[in-house]
Amino acid sequence: MVKLRILRVYLLATMAGALLTGCQALKPASQASVKEERAARSLFLSNISTSTAPAGTATVNEAMPDIRDESYVPAFYFNRAFDIEQSRYSQFRYAILMDVEVEQLSNEALYQYIDQWLGTPYRMGGSTRNGIDCSAFVQGLLVSVYGVSLPRVAREQKASCTPVQTDSLQEGDLVFFNTRGGVSHVGVYLHNGWFAHASTSGGVTVSHLDEAYWQRRFLGAGRPASIPAEAFNTTSGQ
């Protein structure tokens, strides 16, 4: 009898804790918490390895398991409206990072390319896995993913683009910054304010336009004129 009472008290305390946590989750997010969430998302992306898995485990090139099998995944993922079995692992990671439906990331080659270079150190004038700069990363991505050749330096890349307003940005557009005077940094826009680039501090990474550093240095965006309109994902937006 005593044990039963103790169990009831424990269950009531657990339920009260869960209710308190749920109420706290309803509070509006502050600007600081939004920044912390974005930082956590970026860290999440960097900490998930895409290297070859040990024998007997799934690799990034294998299809995701069928999430409709409730015995395989938690209810949270089962209830999500994602058709994950049709997407590759890297696209699923970026969908979580950028808070978009995985079906929106239909350009598989784009996210595979970013994944292949993710974490490569920055090196001025570099264009290899030993070190690469921002304009070389963008140049390589555009030719590999879209079959489009761009000039080598950021300033000339901007000059070759058609200007685009920030509220009309689409996946594959270029974003430009003034980090050392003039047009001195470039990245490739993805979704929801996120862009891929080679930064001097972190190498190839994914950052957000609303981060204070990039917000202060943002010069504008452009769309490479030689990329066909149908090559862009028109559902990306800000």
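Kindly provide the set of residues from the range 103-124 that are part of a loop (DSSP other than H, G, I, E, B) and either modelled with pLDDT of 95 or more or on the phi > 0 side of the Ramachandran plot (or both), ordered by number.
Leu118, Gly119, Thr120, Pro121, Arg123, Met124
Can you list the strands (runs of 3 or more DSSP E) found entirely within the range 125-194 that contain at least 2 residues being of a type in the set (A, V, I, L, M, F, W, C) and within 20 Å of His208 (Cα to Cα)?
174-177, 185-189
Quick check on the range 184-238: of everything there that is of a type in the set (D, E, K, R) and modelled with pLDDT of 95 or more, which residue is surrounded by the most Cβ atoms within 10 Å (Cβ to Cβ)? It would help to see each step written out before you state the result.
Taking the range 184-238 and keeping what is of a type in the set (D, E, K, R), we get 210-211, 216-217, 223, 230.
Restricting the remaining residues to those that are modelled with pLDDT of 95 or more gives 210-211, 216-217, 223.
On the way: Asp210: 15, Glu211: 14, Arg216: 9, Arg217: 14, Arg223: 19.
Among those residues, the one meeting the criterion is Arg223.
Is it fair to say Ile96 is more than 15 Å from Gly203 (Cα to Cα), in contact (Cβ under 8 Å) with a residue 12 or more places away in the chain, among the β-branched types (Val, Ile, Thr) and not in a loop (DSSP other than H, G, I, E, B)? Working first, answer last.
Working: more than 15 Å from Gly203 (Cα to Cα): yes; in contact (Cβ under 8 Å) with a residue 12 or more places away in the chain: yes; among the β-branched types (Val, Ile, Thr): yes; not in a loop (DSSP other than H, G, I, E, B): yes.
So Ile96 fits the description; yes.
State all residues of the range 206-227 that are more than 14 Å from Gly193 (Cα to Cα) and assigned to a strand (DSSP E or B); if no residue qualifies, say none.
Of everything in the range 206-227, those that are more than 14 Å from Gly193 (Cα to Cα) and assigned to a strand (DSSP E or B) turn out to be Leu219, Gly222, Arg223, Pro224.
Of all residues in the range 162-183, count the ones that are closer than 23 Å to Asn107 by Cβ, surrounded by 13 or more Cβ atoms within 10 Å (Cβ to Cβ) and of a type in the set (Val, Ile, Thr).
The total comes to 3.
Just to be sure before I move on: is Phe195 within 18 Å of Tyr94 (Cα to Cα), without any contact (Cβ under 8 Å) to a residue 60 or more places away in the chain and in contact with a helix residue (DSSP H, G or I) (Cβ under 9 Å, 6 or more places away or on another chain) in the structure I sent?
Values: within 18 Å of Tyr94 (Cα to Cα): yes; without any contact (Cβ under 8 Å) to a residue 60 or more places away in the chain: yes; in contact with a helix residue (DSSP H, G or I) (Cβ under 9 Å, 6 or more places away or on another chain): yes.
The answer is yes for Phe195.
Closer than 21 Å to Arg129 by Cβ, out of contact with any Gly (no Cβ under 6 Å at 6 or more places or on another chain) and in contact (Cβ under 8 Å) with a residue 12 or more places away in the chain: which single residue out of Ser184, Ser207 fits that description?
Values: Ser184 fails: closer than 21 Å to Arg129 by Cβ.
Step by step, each of Ser184, Ser207 is checked, and only Ser207 is closer than 21 Å to Arg129 by Cβ, out of contact with any Gly (no Cβ under 6 Å at 6 or more places or on another chain) and in contact (Cβ under 8 Å) with a residue 12 or more places away in the chain.
The values are calculated or read from the model by the stated rules, or taken from the named source; none is laboratory data. Quick caveat: nothing in here was measured; it's all calculated off a predicted structure. All Cβ positions, even for glycine, are placed from backbone atoms using ideal geometry, and neighbour counts span all protein chains on display.
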